[in-house]
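The values are calculated or read from the model by the stated rules, or taken from the named source; none is laboratory data. Because the structure is predicted, anything quoted here is derived from the model rather than measured. Note: ideal-geometry Cβ built from the backbone for every residue, glycine included; neighbour counts use all protein chains shown.
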Amino acid sequence: MLYSAYEMTYAALAPWRYMAQGTKTIMSSPFNPMSASLAGRSLSASADLFERLTRRYGKPEWDIASTRIDGQAVAVSSRTVKADTWMKLTHFDRCVSDRRDDPKLLIVAPLSGHYATLLRGTVQAFLPAHEVYITEWSDARMVPMLAGRFDLHDYIDLVRDALRHLGPNTHVLAVCQPGPLVLAAAALMAEDGEDTRPASLTLMGSPIDTRRSPTLPNTLAKSKSHDWFARNVINTVPFPNAGAMRRVYPGFIQLASFIQMNKDSHVAAHREFFDHLIAGDGDSAERHRVFYDEYMSVMDLTEEFYLQTIREIFQEHHLARGIMRHENRKVNLDALHDTALLTIEGELDDISGIGQTQAAHDLCTNIPDDLREDYVQKGVGHYGVFSGRRFRDNIAPRITKFIRKHNACHR
């Protein structure tokens, strides 16, 4: 019912959105004498803000047209190199004339509500020194029921498939949510002796063991029963969406949760956006648009994936307790012995607390000390671990150095 109410509200507001768009166009036109007045700018700003708050944000484009290699501008294009119903593997082609022997880097994007484009800055930071690939997960709302289920263990299998496609000596970067699943995939591949297992594994702000320094989301996940989540946050996708009748955890609920965690800062940001529009500060207003166009773009997760994640990662800690199973097979982290491991945490992370990612070092007992590193970035929260100035200046160069140190080694 909640999903249907959401769709009906969106549809009911459509005439008002069109009216707001028309008002903005009229009141901001240079041919309108009122556009230069305070009243005109206020009307235009109000219409702009209303339209943005009530629209539906689709999947953003990557918009990565170039990078710089050795001081030279190089064109970049993105293309799909492997596609599955639930995941496509995207490669960022750097149009260089000479063949470069840069390490292959697979960025495993989180499946936690936002699209992979949230990692645009992450991709851009690694393009100068790496052949970059990224996983792009499908919005469950857009996947027909005939495509079948998608759960936590399907995610693990698709990560393994991506590594097999890319071949030996591929380095993996897992951002937040996929950390435990990527670690499990690497262990399974190591136990099977696959030569396409990761050469190195970088885990960033990941919930490897959420019993350490539990944050508000961790506490919430344990404060309610598994049945409570199934009853209260799972909804049925309504018609006419392609995934109609599929049971999902809706992206709009996840977005509401994100906003609630920092409600005051979001309210202040939109108030400032309104003020910037009235003042004619186009640059500041555009920065707001760019950020919130990405932040407000959300996707649905399948019921089975979401509920398994809640139970196995956040409530029962299967990987951390050594009881995780994949297709009736125990996940043995002791199998990891020649994959280099780097953990990255943010000092102020309010989603994955200090120690949760570091726990990977305690669990992977057979990785030698010379293949391990841990780094805590001062002064950054969760998003600062993979984006922003400190990420670009401090974290990304450290990861690149780690990857080059362990490229084609120990195999």
Report summary line: If you go through VAL132, VAL108, VAL143, the only one that is modelled with pLDDT of 95 or more and out of contact with any Leu (no Cβ under 8 Å at 6 or more places or on another chain) is VAL143
Report summary line: For TRP16, the lone unmet condition from (1) modelled with pLDDT of 90 or more; (2) surrounded by 14 or more Cβ atoms within 10 Å (Cβ to Cβ); (3) over 27 Å from GLY388 (Cα atoms); (4) hydrophobic (A, V, I, L, M, F, W, C) is (2)
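For the range 207-219, check the following and say yes or no: at least one residue is farther than 30 Å from ASP374 by Cβ, in contact with a Leu (Cβ under 9 Å, 6 or more places away or on another chain) and at pLDDT 90 or above.
no
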Report summary line: Residue hits (the range 101-115; in contact (Cβ under 8 Å) with a residue 24 or more places away in the chain, part of a loop (DSSP other than H, G, I, E, B) and farther than 29 Å from TYR249 by Cβ) are ASP102, PRO103
Query raised in the report: Of all residues in the range 306-328, which are under 12 Å from ASP209 (Cβ atoms) and of a type in the set (Lys, Arg)?
Result: ARG321
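Look through LEU319, LEU277 and report the one residue that is assigned by TED's automatic domain parsing to the domain that holds ASP154 and either farther than 30 Å from ALA360 by Cα or of a type in the set (A, V, I, L, M) (or both). Give the derivation first.
On the way: LEU277 fails: assigned by TED's automatic domain parsing to the domain that holds ASP154.
Residue meeting the stated conditions: LEU319.
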Query - Any chance ASN366 is surrounded by fewer than 17 Cβ atoms within 10 Å (Cβ to Cβ), of a type outside the set (Phe, Trp, Tyr), modelled with pLDDT of 95 or more and assigned to a loop (DSSP other than H, G, I, E, B) - result: yes
Query raised in the report: Which one is nearest to TRP62 (Cα to Cα), of the residues in the range 287-342 that are of a type in the set (S, T, N, Q) and surrounded by fewer than 17 Cβ atoms within 10 Å (Cβ to Cβ)?
Result: ASN332
Report summary line: Looking across the range 263-285 at residues that are surrounded by 12 or more Cβ atoms within 10 Å (Cβ to Cβ) and of a type outside the set (A, V, I, L, M, F, W, C), the single one that is nearest to GLU61 (Cα to Cα) is SER284
Query raised in the report: Where in the range 1-87 are the helices (runs of 4 or more DSSP H), entirely inside, with at least 2 residues that are aromatic (Phe, Trp, Tyr)?
Result: 2-12, 14-28
Report summary line: Per the list (1) at pLDDT below 95; (2) over 24 Å from ARG212 (Cα atoms); (3) not in a loop (DSSP other than H, G, I, E, B), residue check on ARG398 breaks on (1)
Query raised in the report: Given the range 145-223, what helices (runs of 4 or more DSSP H) lie entirely inside it while holding 3 or more residues that are crowded, with 23+ Cβ neighbours inside 10 Å?
Result: 152-166, 179-191
Report task. Could you check SER112 against (1) farther than 30 Å from ARG164 by Cα; (2) crowded, with 18+ Cβ neighbours inside 10 Å and say which number it fails? Result -> (1)
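For the range 187-238, give me the residue count where each residue is within 17 Å of ILE313 (Cα to Cα) and touching a residue at least 40 places away in the same chain (Cβ under 8 Å).
Result for the range 187-238: 22.
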Requested in this report: Give the residue, chosen from THR122, THR117, THR85, that is surrounded by 23 or more Cβ atoms within 10 Å (Cβ to Cβ), farther than 18 Å from ALA184 by Cα and not aliphatic (A, V, I, L, M).
Outcome: THR122
Query raised in the report: Can you tell me which of LYS82, LYS24 is among the basic types (Lys, Arg) and in contact (Cβ under 8 Å) with a residue 60 or more places away in the chain?
Result: LYS82
Query - Subset of the range 351-384 (residues that are more than 19 Å from VAL182 (Cβ to Cβ), touching a Gly at 6+ places or on another chain (Cβ under 6 Å) and either in contact (Cβ under 8 Å) with a residue 40 or more places away in the chain or β-branched (Val, Ile, Thr) (or both)) - result: VAL380
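Somewhere in the range 316-323, is a residue within 18 Å of the chain's Cα centre (by Cα), in contact (Cβ under 8 Å) with a residue 24 or more places away in the chain and closer than 21 Å to ALA109 by Cα?
Among the residues of the range 316-323, not one is within 18 Å of the chain's Cα centre (by Cα), in contact (Cβ under 8 Å) with a residue 24 or more places away in the chain and closer than 21 Å to ALA109 by Cα, which makes the answer no.
Report yes if TYR292 is of a type outside the set (A, V, I, L, M) and either modelled with pLDDT under 95 or in contact with a His (Cβ under 8 Å, 6 or more places away or on another chain) (or both), otherwise no.
yes
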